[in-house]
Every structure is written in C-alpha cells, then in structure tokens.
Amino acid sequence: MESNVSKKTTEKLIHKVKGLFEHKLSEKLNLMKVSAPLFVEGSTGVNDNLNGWERCVAFDTAAYPPMMLEVVQSLAKWKRMATRYYDLQPGEGLYTDMRAIRRDEVLSPLHSLYVDQWDWELVIDRQERTVETLKEKVLLIYEALKMTEEEVAELDSSLKPFLPKEITFITSQELEDLYGVDTTAKEREHRIAKEKGAVFIMQIGGKLASGEPHDGRSPDYDDWQLNGDIIVWYPVMETSVEISSMGIRVDEAALERQLQHSGCENRAQLPFHQMLLNGTLPCTMGGGIGQSRVVMLLLHKFHIGQVQMSVWPHEMVQACREREIELLNVIS
C-alpha cells in the first residue's frame with residue numbers, strides 16, 4: 001500500500017532517499033561526483049539521440065556568432081568524454097545529477113517531461129568488455145538499491161520492503177523464446193518482472209528472431225550485445241518498472257556495426273564519433289538510474305509527480321485528485 005505521509009514529510013524523505021542511494025552507489029562502483037551540463041552544442045554529436053526520432057529542446061544564443069544549443073536528453077556520450085577529461089583510470093568512475101527535458105515523452109504515472117537521473121560512467125580495461133563484467137556491476141547496483149530500501153523502511157515503518165533478495169538475468173531473445181512472439185516486449189517485461197520480482201534484461205537494441213528489437217537504443221553508446229535494463233515488479237501499482245538502462249559502451253568495431261545497422265553512418269563524421277573511432281576515448285561502461293523512479297518506488301507512491309516538480313495535463317491532475325493523489329505542483 002502507498003504511504004500516507006504528508007507532502008512536507010515526503011519532501012524530506014525524497015532528499016533522504018536520494019542521499020542514501022547516491023552514497024551507496026558511489027562507494028560500490030568507486031565513482032566521484034562531477035558537474036554536468038544542462039545543454040550542449042548540437043553540432044558535436046554529444047547529445048543522446050535516444051531512439052532516433054525524439055526531438056531535442058533547442059535554442060540559439062544572442063552571442064555572436066550565435067550558437068545552436070540543445071537541452072540534453074541524457075549524458076550517455078558526454079560522460080565518456082568526461083572520463084578522459086578527468087583522466088580517470090580503469091576502476092575509476094564518475095557520476096552526476098543529470099537533468100533533462102524529453103519533450104516527446106508520453107506522460108503517465110511513470111513518465112514525465114522532466115528527467116532526473118544518476119548518470120554514471122566507469123573506466124574499464126578493453127579485456128573487461130564482457131558479460132561477466134556487466135553482470136558484476138548490475139549486482140552491485142542492485143545491492144545498493146536493496147540496502148537503501150532497508151534503511152528507508154527504518155525511517156517509516158509503513159514502508160515495507162518488497163524487492164526480492166536476488167535479481168534474475170535473462171537476454172531479450174530468451175525472453176521472447178519464453179513467452180512467444182505473440183506477446184509484446186512490454187508484456188514480456190511485465191510477466192518476467194511479476195514472476196521474478198527483479199530482472200536484468202540483456203542485449204537490447206538489435207533485432208530478435210521475430211525481426212523486431214526488444215526496444216530501441218541509440219547505436220553510438222551502448223554495445224547492444226553488452227547492455228540491458230534493470231526492471232522490478234512494483235506491487236503498489238501492480239506493474240513492472242524500469243529503473244535503469246546501462247551497458248558496456250561501444251568500441252570502434254561495435255560503433256561501425258551499429259551505425260550501419262541503423263542507417264546512421266553519417267554520424268561517424270561528428271566530433272564525438274571521430275574521437276571514438278580514432279581510439280581517443282577510453283573503454284567504459286555506464287548507465288542512468290532514474291532518481292524520481294527510485295524514490296517513487298521506495299516511498300510507495302502511485303505517481304512520479306508525487307516525488308518531482310513537473311507539469312502535467314489538467315485532466316491528469318484532476319484524475320489524481322479524485323483518487324486522493326496529490327501531485328507536487330505549487331502553482332496548481
């Protein structure tokens with residue numbers, strides 16, 4: 001059941017939960033906190049293209065000559081450049097409070113125009129680009145999440161832990177084989193999460209035997225053979241919830257292969273991609289962990305708008321009020 005704490009207490013708990021998890025994440029992955037941009041130059045190729053069709057929020061500056069800037073959609077590529085900037089060595093990493101606007105997001109109790117994530121990136125040796133390395137880091141992240149859930153439960157006795165002790169690993173093709181091509185990817189995620197409680201679905205981006213990918217992925221940050229999503233079953237809403245997308249980043253061969261597969265070969269001429277193809281950037285792995293989603297789950301809320309300040313359609317706000325769900329919105 002949802003916790004019935006007041007809005008004031010909720011705000012205090014939001015920051016407490018974020019602090020607890022952030023500390024555990026940084027310790028387990030050996031990450032230092034760094035500053036991050038809200039916008040980048042569109043011509044650099046650094047902004048995340050997500051699935052390739054989402055529109056960035058863009059604006060020009062009054063400076064001369066004017067610059068065309070884009071509000072970030074995520075920091076997947078920027079972080080890899082940042083590890084080089086800070087001269088991080090294998091086993092060292094960074095994380096940041098990422099703030100983004102995704103103007104084409106379909107709004108729901110789990111999706112907002114405003115995105116806040118712990119974006120992290122860890123330098124690894126080239127020989128560590130393996131499934132074993134990926135699984136090892138997933139286990140550490142899940143351990144940090146479980147430890148945070150247990151400490152939050154000590155702050156409020158109504159917040160009973162619900163995450164399972166262990167997380168299950170499965171590939172997207174194994175998942176399609178398990179439930180059949182007549183089910184959608186989201187239905188398969190829902191069923192496996194309900195059965196296992198927590199799951200890491202691997203190898204997302206390329207086409208499955210059915211001819212369709214499990215989900216879209218930009219071709220120029222994760223290696224589609226070495227990535228995945230952390231998904232948990234959320235009993236408060238009786239649904240599956242993705243809390244993190246992560247993976248080992250593309251090397252030169254994977255970048256060329258995935259750009260060709262996606263019909264995006266023209267990106268190879270952009271500054272970021274040239275750095276990667278020329279061997280200038282280190283081998284890394286990384287991901288984003290939704291801050292509001294983690295807080296929402298650990299505080300047992302029904303709507304992400306209960307733990308973040310955003311803007312929602314009036315119809316959604318009214319529907320929530322009728323269910324006695326108050327969204328954080330000072331001017332509503």
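The values are calculated or read from the model by the stated rules, or taken from the named source; none is laboratory data. Quick caveat, the model's predicted, so the values are computed rather than measured. Heads up, the Cβs are rebuilt from the backbone with ideal geometry, glycines too, and the neighbour counts pull from every protein chain shown. These accessible areas exclude ligands, DNA and RNA; they are computed on the full protein's heavy atoms, side chains included. Shrake-Rupley method; radii C 1.70, N 1.55, O 1.52, S 1.80 Å.
The requirement of being without any contact (Cβ under 8 Å) to a residue 60 or more places away in the chain and crowded, with 20+ Cβ neighbours inside 10 Å is not satisfied by Gly211.
Selection over the stretch 28-42 of residues that are open to solvent by less than 80 Å² (accessible area, probe 1.4 Å) and at pLDDT below 90 gives a count of 2.
For Leu122, are the conditions met, namely being modelled with pLDDT of 95 or more and either surrounded by 15 or more Cβ atoms within 10 Å (Cβ to Cβ) or among the aromatic types (Phe, Trp, Tyr) (or both)? So Leu122 passes the test.
Residue pairs whose Cβ atoms lie under 9 Å apart, separated by 6 or more positions or on different chains, with the first residue in the stretch 307-324 and of a type in the set (D, E, K, R) and the second open to solvent by 20 Å² or more (accessible area, probe 1.4 Å) and not in a helix (DSSP H, G or I), are Arg323/Phe302. Picking from residues in the stretch 133-163 that are of a type in the set (Lys, Arg) and touching a residue at least 60 places away in the same chain (Cβ under 8 Å), the one that is nearest to Lys28 (Cα to Cα) is Lys137.
I need the full set of residues from the stretch 89-114 which are among the aliphatic types (A, V, I, L, M) and open to solvent by less than 20 Å² (accessible area, probe 1.4 Å), in order please. Steps first, answer last, please.
Pass one, the stretch 89-114, residues among the aliphatic types (A, V, I, L, M): 94, 98, 100-101, 106-107, 110, 113.
Listed by number, the residues that qualify are Leu94, Met98, Ala100.
Being aliphatic (A, V, I, L, M) and either modelled with pLDDT under 95 or in a strand (DSSP E or B) (or both) is the filter here; which residues of the stretch 186-204 pass it?
As a first pass, look at the stretch 186-204 and keep what is aliphatic (A, V, I, L, M): 192-193, 198-199, 201-202, 204.
Selection gives Ala198, Val199, Ile201, Met202.
Against the list (1) under 20 Å from the mean Cα position of the chain (by Cα); (2) more than 30 Å from Val317 (Cβ to Cβ); (3) open to solvent by 40 Å² or more (accessible area, probe 1.4 Å); (4) among the aromatic types (Phe, Trp, Tyr), the condition Tyr85 fails is (1).
Residues in the stretch 310-324 that are aliphatic (A, V, I, L, M) and surrounded by fewer than 14 Cβ atoms within 10 Å (Cβ to Cβ): Ala319 only. Among the conditions (1) modelled with pLDDT under 90; (2) closer than 24 Å to Asp156 by Cβ, Leu25 misses just one, which is (1). Among the residues of this structure, Thr61 does not count as one that is touching a residue at least 40 places away in the same chain (Cβ under 8 Å), of a type in the set (Val, Ile, Thr) and open to solvent by less than 80 Å² (accessible area, probe 1.4 Å).
The number of residues in the stretch 242-272 being in contact (Cβ under 8 Å) with a residue 24 or more places away in the chain and either closer than 18 Å to Asp119 by Cα or in a helix (DSSP H, G or I) (or both) comes to 19.
With respect to the conditions (1) open to solvent by 10 Å² or more (accessible area, probe 1.4 Å); (2) under 19 Å from Glu121 (Cβ atoms); (3) in a strand (DSSP E or B), Arg217 falls short on a single one, namely (3). Taken over the stretch 262-296, residues that are open to solvent by 30 Å² or more (accessible area, probe 1.4 Å) and under 18 Å from Gly228 (Cβ atoms) amount to 1.
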